[in-house]
Amino acid sequence: MNYKGQIGVTSLVEMGSLDGAMHDLVDECLYSSEMDAQKTQPILSNQRVLLSGLPVGGYKMTRNGVYKSIKTVVFSNKLNLLMPFGPLAIMVHKMSTSNSWVFFLSLLGITPLAERLGYATEQLAFYTGPTVGGLLNATFGNATELIISIYALKSGMTRVVQLSLLGSILSNMLLVLGCAFFCGGLVHYGKEQVFSKATAVVNSGLLLMAVMGLLFPAVLHYTHTERQVGKSELSLSRFSSCVMLLAYAAYLVFQLKSQNDNYVPVGEEGSHNGENDDDDEDEAPEISKWESIIWLAIMTAWISILSDYLVDTIEGASEAWDVPIAFISVILLPIIGNAAEHASAIMFAMKDKLDISLGVAIGSSTQISMFGIPFCVVIGWVMGKEMDLNFQLFETATLFITVIVVAFFLQEGTSNYFKGLMLILCYLIVSASFFVHEDPSAVGQSKIPKT
């Protein structure tokens, strides 16, 4: 009995210990679940904080990005101090009838916009590669002249269109290229800078083809040998324009596809002497691709607005200043429009990257002569404006002599400060010639469509 009692007591003790163990196990499970809940609660709360903070952080990042972009594009260049003159020109136009002041203020307002347009294009070129980037530089570098030309064509000022496009070619070939050669020669004094003769020969050939396209309508007009008076000249101009556009398209294919390696600027690989590799590595875009595109759109729209005021007041400015419209169109307008090319060409020449300088100056002239002028003829055809390639005898002779002179300077494939000085002096002679030249077809024709 005692044995059985002991067994019973023992079993009761074991059952009690088992129940205690079960209670301990349950307590541990409850404690561990509470601890897990406490551990997960901060994580969830942190996630809520992070998720709730994303919109605020994203907004701040967007705001900071916009501020940085505006600071980089607008406030990084002293030339942008002229930007307020654009809105001021619009205010003067609304409040007074002084065409000369509106023209002058519009001219000043367009100057920094043209330069910033070139800057945004250069930034975009970092993301497109050297060849496409070069074409973008040439295209948007000439956007100012093309916008002014389209507004002038819309107003029936076909002579202003012809003279401004001619002036753009002369300015790029003589003034821009001359300043690039001159400044590059002074910085690298004592040695001759070199560039690719192949690029120079192809561009010289295209410029001579453009001269041919402009020469024959003028010869046809002044020799009075038209089969249909008043129609043959215009028909020949439109046909020649289509051929020139086709030739320029073939040139683009040739440059982008067939001879891609030969026509990539040498500066992209370093200079011929291999001294600029470190400089190339340091170059990096300052704004993103989409920022570049947005700024291109903004600058182009603003230039279009000011170009409208510029074209409307050009005749009044000519009368108020007693300056020929030919001088304003050929000299003043292209200098403003070529501000981007001017700065870029000089900068690259000073870095001993003459191939890029040559591509900016001569490439821009080629694009205006083989694309810009024929494009305006075709646009005039669509608009019903009789825009032709007869640039008159004086202007055509000036272009022909300029192309010949520049071709001689480029044939050796070398440059120095003396060649640059000669080109600048040639431009001074051209400027003086247009200052004393009175264009009979532009007098009283500025606002009248050509018939």
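All but one of (1) out of contact with any His (no Cβ under 6 Å at 6 or more places or on another chain); (2) open to solvent by less than 10 Å² (accessible area, probe 1.4 Å); (3) at pLDDT 90 or above; (4) within 16 Å of residue 368 (Cα to Cα) hold for residue 176, so report the exception by its number.
(1)
Select, from 356, 325, 404, the only residue that is closer than 20 Å to residue 110 by Cα and of a type outside the set (Lys, Arg).
325 is the lone residue from the list that is closer than 20 Å to residue 110 by Cα and of a type outside the set (Lys, Arg).
Between 363, 359, 372, 337, which is open to solvent by 20 Å² or more (accessible area, probe 1.4 Å) and under 16 Å from the mean Cα position of the chain (by Cα)?
Going through 363, 359, 372, 337 in turn, just one is open to solvent by 20 Å² or more (accessible area, probe 1.4 Å) and under 16 Å from the mean Cα position of the chain (by Cα): 359.
Filter the stretch 288-328 for residues that are crowded, with 23+ Cβ neighbours inside 10 Å, under 21 Å from the mean Cα position of the chain (by Cα) and over 21 Å from residue 78 (Cα atoms) and give the result.
Correct list: 307, 310.
Just to check your reading of the model, which residue among 67, 119 is surrounded by fewer than 18 Cβ atoms within 10 Å (Cβ to Cβ), more than 23 Å from residue 309 (Cβ to Cβ) and not aliphatic (A, V, I, L, M)?
67
Just need a number here: residues in the stretch 342-356 that are of a type outside the set (A, V, I, L, M) and open to solvent by less than 10 Å² (accessible area, probe 1.4 Å).
Qualifying residue count, the stretch 342-356: 1.
Just the residues that are assigned to a helix (DSSP H, G or I) and open to solvent by less than 10 Å² (accessible area, probe 1.4 Å), please, taken from the stretch 146-157.
149, 152, 153
If you scan the stretch 181-190, which residues turn out to be modelled with pLDDT of 90 or more and either out of contact with any strand residue (DSSP E or B) (no Cβ under 8 Å at 6 or more places or on another chain) or basic (Lys, Arg) (or both)?
182, 183, 186, 187
For the subset of the stretch 65-109 comprising residues that are under 18 Å from residue 300 (Cβ atoms) and small (Gly, Ala, Ser), which member is modelled with the lowest pLDDT?
Filtering the stretch 65-109 for residues that are under 18 Å from residue 300 (Cβ atoms) and small (Gly, Ala, Ser), the one modelled with the lowest pLDDT comes out as 69.
Kindly evaluate residue 222 against the criterion of being of a type in the set (Ser, Thr, Tyr), surrounded by fewer than 24 Cβ atoms within 10 Å (Cβ to Cβ) and within 22 Å of the chain's Cα centre (by Cα).
No: the conditions fail for residue 222.
The values are calculated or read from the model by the stated rules, or taken from the named source; none is laboratory data. In this text, all values refer to a predicted model and were calculated from it rather than measured experimentally. Reconstructed Cβ throughout: ideal geometry from the backbone, glycine too, with neighbour counts over all protein chains shown. These area figures cover heavy atoms from the full protein model, side chains too; ligands, DNA and RNA do not enter into them. Shrake-Rupley method; radii C 1.70, N 1.55, O 1.52, S 1.80 Å.
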